[in-house]
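To start, I am sharing the structure in question, which I have written as structure tokens.
The values are calculated or read from the model by the stated rules, or taken from the named source; none is laboratory data. None of these values were measured; they are calculated from a predicted model. Every residue, glycine among them, receives a Cβ derived from its backbone with ideal geometry; neighbour counts consider all protein chains shown. Only protein heavy atoms, including side chains, enter the accessible area calculation; ligands, DNA and RNA are left aside. Shrake-Rupley method; radii C 1.70, N 1.55, O 1.52, S 1.80 Å.
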Amino acid sequence: YNSSDRSLDYIRPGLVDTTLHRRRNYVSPSLRLRYKFSDRTSLHASYSGFRQEVGLESYINLVDDSKPQGTFAGNPDLKDGWGNNYNLNFSTYIERHEMSIYAGANYGNSRNSRTNVMRYNEATGYYFSYPVNVNGNWGTGAYAGFSMALDKQKEWHLDFNANDSYSESVGYLSVGDGEDELNTIRRNYL
């Protein structure tokens, strides 16, 4: 169980003088399981959920045009996001070969992530931007490897490790007078 109590005093002469206050109570669940097949072989699984708080300045219903390159507007309708992380890990040790073997996988996603809608004017280079909630951010990964001694004195070792991950994140962009388009960025790391 967690509690958050935040306040923001925002004064912009001639435009706004406001105080925002947010108090949130929320549960951040966490679960860990471990199964031992033997003294040297085990499997671990875990889950954690967490709240992604929105900065209070993003809630202010105000258009900020103080920067020459663009305008930023707040969004009082923003929601806090929620993230999930799942992990699974396996490890074993084979004594007669002096070998350690390990592998694992993970997955994470989020709901109501915060991103900015950006409307960009190619002719002037000027942009208009405001925050919104979006769904569709997620990522996964896996790894495996081993380590073993090559001689009885354990002076020489052979180590091998391989991993891969993939993620997708979404955001909005429009150019000119076009409609806001949801863009997806895909990343793959070998």
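Counting just the residues of the stretch 1-43 that are open to solvent by less than 100 Å² (accessible area, probe 1.4 Å) and among the aromatic types (Phe, Trp, Tyr), which one comes out modelled with the lowest pLDDT?
Ranking the candidates gives Tyr10 first.
Same structure again: Quick check: is even one residue across the stretch 46-62 of a type in the set (Val, Ile, Thr), in a strand (DSSP E or B) and touching a residue at least 12 places away in the same chain (Cβ under 8 Å)?
No.
Take Ala149 and tell me if it is small (Gly, Ala, Ser) and either open to solvent by 40 Å² or more (accessible area, probe 1.4 Å) or at pLDDT below 85 (or both).
Here the answer is no, as Ala149 does not meet what is asked.
Moving on to the next point. How many of the residues in the stretch 152-190 are open to solvent by 80 Å² or more (accessible area, probe 1.4 Å), closer than 20 Å to Tyr120 by Cα and not in a strand (DSSP E or B)?
Qualifying residue count, the stretch 152-190: 2.
I need the full set of residues from the stretch 67-105 which are open to solvent by 80 Å² or more (accessible area, probe 1.4 Å) and under 30 Å from Leu56 (Cβ atoms), in order please.
Passing the criteria: Lys67, Pro68, Gln69, Asp77, Lys79.
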